[in-house]
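These notes are about the structure you will find just below.
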């Protein structure tokens with residue numbers, strides 16, 4: 001069913017000059033790429049000191065090495081596009097240097113994924129035992145795209161280079177993929193996550209372009225299809241991703257792109273989009289709060305990088321006929337900005353550059369769905385009206401504490417004002433060895449005590465599938481939207497019989513009401529129960545109330561609670577991690593409302609309302625120090 005290798009990737013090669021003459025390419029994209037690429041010319045390629053690889057195993061730092069690797073790959077992508085646009089020897093030389101640098105790199109695996117220490121007691125790559133991870137898959141696919149784009153010119157300019165590429169991709173990626181079937185990301189144990197779609201998609205690109213033996217190529221592609229089937233089968237029918245919005249792009253989106261390439265490579269014989277993938281195309285716009293803010297769960301960011309591959313979402317939405325998803329993608333098209341950039345990977349950059357409809361599309365307004373209910377992950381998002389960020393938006397989740405990239409956040413709330421989060425989920429800091437190690441939940445952002453959930457009798461939520469929401473009921477109608485759930489089982493305490501949380505957005509008043517009602521068994525003297533709220537903004541406290549000035553000019557909120565006698569204190573958390581600070585600024589503030597030794601039965605009611613400057617300044621309030 002497969003086309004010959006030179007026709008399998010859906011981008012014209014550089015020999016098609018009617019496509020690749022620079023004057024015909026999107027000007028903002030080429031201006032951006034050329035400016036960066038010209039800066040690179042004549043400079044040494046980023047080196048990869050062995051000590052930076054070893055650091056992951058010594059002190060947990062993975063980012064220093066990874067950023068050097070990413071710099072190499074981005075430079076090569078820029079050079080490849082300039083070489084295709086000009087066919088000038090200087091740019092072809094730059095491509096050759098970049099390709100050889102990757103081919104001579106000891107490992108394409110990122111240190112955090114390398115099993116060299118456990119299998120070989122080493123802190124440097126074991127070159128005789130290559131690991132196929134996200135990084136290795138990315139390099140293999142990039143080299144395949146370079147070969148497809150510039151194969152003919154490179155054969156004339158630097159004979160032998162393409163043979164070297166095939167050798168390195170085969171020994172590091174294609175052979176390990178076919179011969180080792182114990183890779184955890186295959187999901188053969190039933191645990192399928194975003195790695196599966198991401199790596200299988202990259203292996204597909206490499207096999208289609210760089211395997212010249214038809215039976216072997218067919219066998220590898222067959223294994224890829226099996227892996228993609230396994231990933232798609234793991235997706236819920238509502239299209240949700242438990243890893244959250246940020247990981248949709250590197251999971252479900254990767255699967256859709258792989259199936260698109262497979263359809264092209266087979267001349268349409270292997271075409272089709274399963275129902276779960278059709279529905280998951282809607283997931284990004286369903287998680288949209290407004291502007292560049294999104295509902296973040298797990299390790300996602302509330303304010304993701306702006307350079308998402310919107311072209312890929314646009315193509316997917318067009319393919320499945322989802323008009324809201326199409327509008328959401330188009331809303332991010334800025335004709336003064338590049339259609340895509342090198343950070344997204346060479347394949348995504350090339351496809352966007354060769355997508356005339358995306359290049360011409362007129363940006364419009366995002367759909368901003370009024371109500372979203374995703375039963376598979378038990379996430380509700382509700383706003384007053386469709387198509388507007390005005391007023392308060394409520395999001396609440398149930399789920400369990402064994403999700404992929406999990407945070408302990410069963411019952412967690414997010415409240416946005418005019419599309420800007422004010423009661424927030426912090427997200428995650430820069431990845432280190434600790435992030436996915438046994439001490440993950442020593443990281444404060446992963447703990448329930450730094451999410452918008454209660455701490456019951458001094459006890460935080462625990463980790464694992466068993467710690468989950470029960471009796472979850474969503475009710476959505478024109479008057480209000482609410483989620484009600486029992487979160488008692490999320491806490492490792494036998495004396496928590498029931499803790500029912502109900503969060504409701506009232507459309508007539510525009511306010512949000514959160515009611516916690518509990519039933520606790522008698523216990524020996526215990527620590528107090530506290531209601532926690534994590535705030536992005538300036539806080540002023542008063543009796544039974546707090547006034548919050550949101551950031552980014554979004555406005556002001558007033559929080560009131562009953563019993564009003566429950567005292568509140570605030571802890572200002574400095575943000576010294578660049579990833580967290582890049583989203584939230586210098587600080588976040590945690591409100592701690594003390595319910596004391598909670599009675600056997602009781603209730604706590606929190607009301608959130610938009611307020612004016614006069615509302616904020618009235619009453620008996622005091623500033624929280626340390627902002």
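Taken residue by residue, segment 319-341 has at least one member that is at pLDDT below 95, outside any loop (DSSP other than H, G, I, E, B) and on the phi < 0 side of the Ramachandran plot.
The helices (runs of 4 or more DSSP H) found entirely in segment 1-94 that carry 2 or more residues being under 14 Å from residue 353 (Cα atoms) and in the same structural domain as residue 151 (by TED's automatic domain parsing) are 17-20, 27-40, 63-86. With respect to the conditions (1) out of contact with any strand residue (DSSP E or B) (no Cβ under 8 Å at 6 or more places or on another chain); (2) crowded, with 20+ Cβ neighbours inside 10 Å, residue 485 falls short on a single one, namely (1).
Table: residues versus (1) touching a strand residue (DSSP E or B) at 6+ places or on another chain (Cβ under 9 Å); (2) at positive phi; (3) surrounded by fewer than 24 Cβ atoms within 10 Å (Cβ to Cβ); (4) touching a residue at least 12 places away in the same chain (Cβ under 8 Å).
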site: 236; (1), (2), (3), (4): yes, no, yes, yes
site: 240; (1), (2), (3), (4): yes, no, no, yes
site: 255; (1), (2), (3), (4): no, no, no, yes
site: 263; (1), (2), (3), (4): no, no, yes, no
site: 268; (1), (2), (3), (4): no, yes, yes, no
site: 273; (1), (2), (3), (4): no, no, yes, yes
site: 287; (1), (2), (3), (4): yes, no, no, yes
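Checking 492, 454 one by one, the residue that is surrounded by 18 or more Cβ atoms within 10 Å (Cβ to Cβ) and outside the structural domain of residue 110 (by TED's automatic domain parsing) is 454 and no other. Being closer than 28 Å to residue 412 by Cβ, in contact with a strand residue (DSSP E or B) (Cβ under 7 Å, 6 or more places away or on another chain) and in contact (Cβ under 8 Å) with a residue 60 or more places away in the chain is true of residue 302.
Take the conditions (1) assigned by TED's automatic domain parsing to the domain that holds residue 436; (2) part of a loop (DSSP other than H, G, I, E, B); (3) buried (at least 20 other Cβ atoms within 10 Å of the Cβ); residue 302 misses just one of them, which is (1). Checked across segment 102-110, the condition of being surrounded by fewer than 16 Cβ atoms within 10 Å (Cβ to Cβ) and either outside the structural domain of residue 56 (by TED's automatic domain parsing) or in contact with a helix residue (DSSP H, G or I) (Cβ under 7 Å, 6 or more places away or on another chain) (or both) holds for no residue.
Quick check on residue 410: is it surrounded by 22 or more Cβ atoms within 10 Å (Cβ to Cβ), part of a loop (DSSP other than H, G, I, E, B) and in the same structural domain as residue 555 (by TED's automatic domain parsing)? For residue 410, the condition - surrounded by 22 or more Cβ atoms within 10 Å (Cβ to Cβ), part of a loop (DSSP other than H, G, I, E, B) and in the same structural domain as residue 555 (by TED's automatic domain parsing) - is met.
Among residues that are under 21 Å from residue 169 (Cα atoms), crowded, with 22+ Cβ neighbours inside 10 Å and not assigned by TED's automatic domain parsing to the domain that holds residue 404, residue 223 is not included.
Selection of segment 422-449 for residues being at pLDDT 95 or above, assigned to a helix (DSSP H, G or I) and more than 28 Å from residue 502 (Cβ to Cβ) yields 440, 442.
Among the listed residues 257, 342, 243, identify the single one that is closer than 30 Å to residue 37 by Cα and in the same structural domain as residue 225 (by TED's automatic domain parsing). None of the other options fit; the residue is 257.
Test residue 418 against the stated conditions and say whether it is buried (at least 24 other Cβ atoms within 10 Å of the Cβ), outside the structural domain of residue 193 (by TED's automatic domain parsing) and in contact with a strand residue (DSSP E or B) (Cβ under 9 Å, 6 or more places away or on another chain). Criteria not met by residue 418. Candidates are the residues of segment 244-291 that are out of contact with any helix residue (DSSP H, G or I) (no Cβ under 6 Å at 6 or more places or on another chain) and assigned to a loop (DSSP other than H, G, I, E, B); the one that is nearest to residue 366 (Cα to Cα) is 291.
For every residue, the table says whether it meets (1) modelled with pLDDT of 95 or more; (2) surrounded by 18 or more Cβ atoms within 10 Å (Cβ to Cβ); (3) part of a loop (DSSP other than H, G, I, E, B).
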site: 519; (1), (2), (3): yes, no, no
site: 524; (1), (2), (3): no, no, yes
site: 532; (1), (2), (3): yes, yes, no
site: 546; (1), (2), (3): yes, yes, no
site: 554; (1), (2), (3): yes, yes, yes
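When 34, 75 are checked against the criterion of being farther than 23 Å from residue 209 by Cβ, in contact (Cβ under 8 Å) with a residue 24 or more places away in the chain and surrounded by 13 or more Cβ atoms within 10 Å (Cβ to Cβ), a single residue qualifies: 34. Of the residues examined, residue 231 is one that is buried (at least 24 other Cβ atoms within 10 Å of the Cβ), in contact with a helix residue (DSSP H, G or I) (Cβ under 7 Å, 6 or more places away or on another chain) and assigned to a helix (DSSP H, G or I).
The values are calculated or read from the model by the stated rules, or taken from the named source; none is laboratory data. Every value quoted in this text rests on a predicted model; they were computed, and no experiment measured them. Cβ sites come from the backbone with ideal geometry, for glycine too, and all protein chains shown count toward neighbours.
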